[in-house]
Amino acid sequence: MTQKIDWSSIDWQQVDRRVRNLRRRIFRAAQNNEWNQVRSLMKLMLRSYSNILQSVRKVTQDNKGKNTPGIDAQVVVSPRGRVALVRAMLARMAWRISPARRVYIPKADGKQRPLGILTIKNRVAQAIVKNALEPCWEAQFEQHSYGFRPGRSAHDAIEQCFRRLNKHCGDIWILDADIKAAFDNISHDFVLQQLGNIPGRGLLRKWLMAGYVESELFHATARGVPQGGVISPLLANIAMDGMQALLGRKFGFIRYADDFVVTAKSREQLMAVVPTIEKFLDERGLCLNNEKTSIRHIDDGFDFLGFNVRRYGSKCLIKPQKEKTFAFVNEMSAWLRYHREVRPCDVIAYLNPRLTGWANYYRHAISKTVFSYVDKHIFRALWRWCCRRHPNKSKYWIADKYFGVDRFGSWCFHAFVKNQRGSIRRIDLKRIQEISITRHIKVNGTASKDDPTLISYWRLRAERLLERKATPGKRRILRATEA
């Protein structure tokens, strides 16, 4: 392509609109079982200039892992580099498949989780293919699959748990299932069989078989999808789709990626259906982890996606999981112990976004008491941090220097910073118990963001969610804008 590309002058609204419209056309064709039309539109998406631009932007600008290189040790951080990458993708010079770079991250149980870090070029190529493949499967995915899908979240899955386990539904027994190393064991043959004869099938097959490099040694992969790949969650969803239809309406079923629970009215029903689930998983190269899979009564409760779901008397209550709360508090306290030398404003800059993010995840559960507990322990950790910085100062001096009263009349850790104009302003540590607890609005049925008949539904839903998450000041601005 000889056309000059100026990254700073690209009309991104138009780019996103073109990709969104093409995704909707693919969705509608798949919904109507017009498979020849689906394949034609997928080919169009794979060649789409707007799709390439959007994919490059997402991988090199929007994604948190944009500065993490693959085996080629290359990252793209400049507009010029992004333009060069777009040209390479257009000329199909950057579509060569490379193995992933294997790294490990710690899991909550102390074990290591393997991640496969792809090259930037392969990530962009996977993002391009994902835009072609995802809307086709969004038209087919089952209702209660919530993980790694546009417009769906863990909160939707938890809300569905509440609906199945409250007193009106009557389910009181839960199969709390754990799949053994799901992403590492998914059958390649089964995934390719599910995909069928689609444009890009050859690329998908090569990505599945690409292998990984660890300690400068290449390892072939005969099964599994790399955790860390752009398209891996979609392929995992494709592989595990169909369990809800298999179980039927007698059971409740909620799945988030490879985590799922099955609910029923009796223990015997769940014990009888376990062999059916095991056969379903075996066809996909998967199996249940018997050590972590259990059948539990709702009065005993169970943990799912960081929440504890349990019935107290006649009420089903959902609270933050205790282990997750303790782990978060310990992580923040440990950071303060090992960063005694940082400035108070840097402490607030580190803690505030993490406190807000953690609280926003749990704000739809019964979390007020837990939020108060977290605030109290963070306050104590900050007091110890101040005392370690000034071992020869009195507690009154420390309180006067580092702590003040917020707008609610409560003590809070604060700092003073100077802006570019030279004026000094005070910043306070976030107190998460001030965050309001709100009921999550669950997504409707099989509603998909790619469905062209639900444009107004998704717009209204986005506005409601934005208003709920906004601060009182931002909420007033939103209402004034609407007026």
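The values are calculated or read from the model by the stated rules, or taken from the named source; none is laboratory data. Because the structure is a prediction, the values reported are computed rather than measured. Positions of Cβ are backbone-derived with ideal geometry, glycine not excepted, and every protein chain shown enters the neighbour counts.
General remarks:
- Only listed residue being surrounded by 13 or more Cβ atoms within 10 Å (Cβ to Cβ), closer than 22 Å to Asp375 by Cβ and not hydrophobic (A, V, I, L, M, F, W, C), chosen from His414, His440: His414
- The residue that is surrounded by the most Cβ atoms within 10 Å (Cβ to Cβ), counting only those in the range 259-289 that are under 23 Å from Arg310 (Cβ atoms) and of a type outside the set (A, V, I, L, M, F, W, C), is Thr263.
- Among the candidates Gly285, Gly313, residue that is within 26 Å of the chain's Cα centre (by Cα) and outside the structural domain of Arg425 (by TED's automatic domain parsing): Gly285
- Once the range 199-231 is narrowed to residues that are hydroxyl-bearing (Ser, Thr, Tyr) and under 16 Å from Gly70 (Cα atoms), the residue that is modelled with the highest pLDDT is Tyr212.
- The range 339-380: number of residues that are part of a helix (DSSP H, G or I) and either of a type outside the set (A, V, I, L, M) or surrounded by fewer than 18 Cβ atoms within 10 Å (Cβ to Cβ) (or both): 24
- Contact annotation: residue pairs with Cβ atoms under 9 Å, 6 or more positions apart or on different chains, pairing a residue in the range 309-331 that is within 11 Å of Ile298 (Cβ to Cβ) and in contact (Cβ under 8 Å) with a residue 12 or more places away in the chain with a partner that is assigned to a strand (DSSP E or B) and of a type in the set (Asp, Glu), are Val309/Asp303.
- Only one of the numbered conditions (1) surrounded by fewer than 16 Cβ atoms within 10 Å (Cβ to Cβ); (2) of a type outside the set (S, T, N, Q); (3) in contact (Cβ under 8 Å) with a residue 40 or more places away in the chain is violated by Arg92, and that is (3).
- Screening Val38, Val56, Val15, Val19 for residues that are modelled with pLDDT of 95 or more, in contact with a Cys (Cβ under 7 Å, 6 or more places away or on another chain) and either under 28 Å from Tyr212 (Cβ atoms) or not in a loop (DSSP other than H, G, I, E, B) (or both) leaves exactly one candidate, Val38.
Per-residue answers, yes or no, for (1) touching a residue at least 12 places away in the same chain (Cβ under 8 Å); (2) polar (S, T, N, Q); (3) farther than 25 Å from Lys43 by Cα:
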residue	(1), (2), (3)
Asp171	yes, no, yes
Asp178	yes, no, yes
Ser187	yes, yes, yes
Phe190	yes, no, no
Arg201	no, no, no
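- Scanning the range 96-112 for residues that are exposed (fewer than 15 other Cβ atoms within 10 Å of the Cβ) and assigned to a strand (DSSP E or B), we see that the one that is modelled with the highest pLDDT is Tyr104.
- Residue among Ile238, Ile158 that alone is outside any loop (DSSP other than H, G, I, E, B), farther than 30 Å from Leu53 by Cβ and either in contact with a Cys (Cβ under 7 Å, 6 or more places away or on another chain) or among the β-branched types (Val, Ile, Thr) (or both): Ile158
- Checked against (1) surrounded by 12 or more Cβ atoms within 10 Å (Cβ to Cβ); (2) out of contact with any Lys or Arg (no Cβ under 9 Å at 6 or more places or on another chain), Asp62 meets all criteria but (1).
- Residues in the range 417-429 that are more than 20 Å from Ser372 (Cβ to Cβ), in contact (Cβ under 8 Å) with a residue 12 or more places away in the chain and hydrophobic (A, V, I, L, M, F, W, C): Val417, Ile427.
- Taking the conditions (1) over 17 Å from the mean Cα position of the chain (by Cα); (2) touching a residue at least 60 places away in the same chain (Cβ under 8 Å); (3) more than 28 Å from Lys58 (Cβ to Cβ) in turn, Phe260 satisfies each one other than (1).
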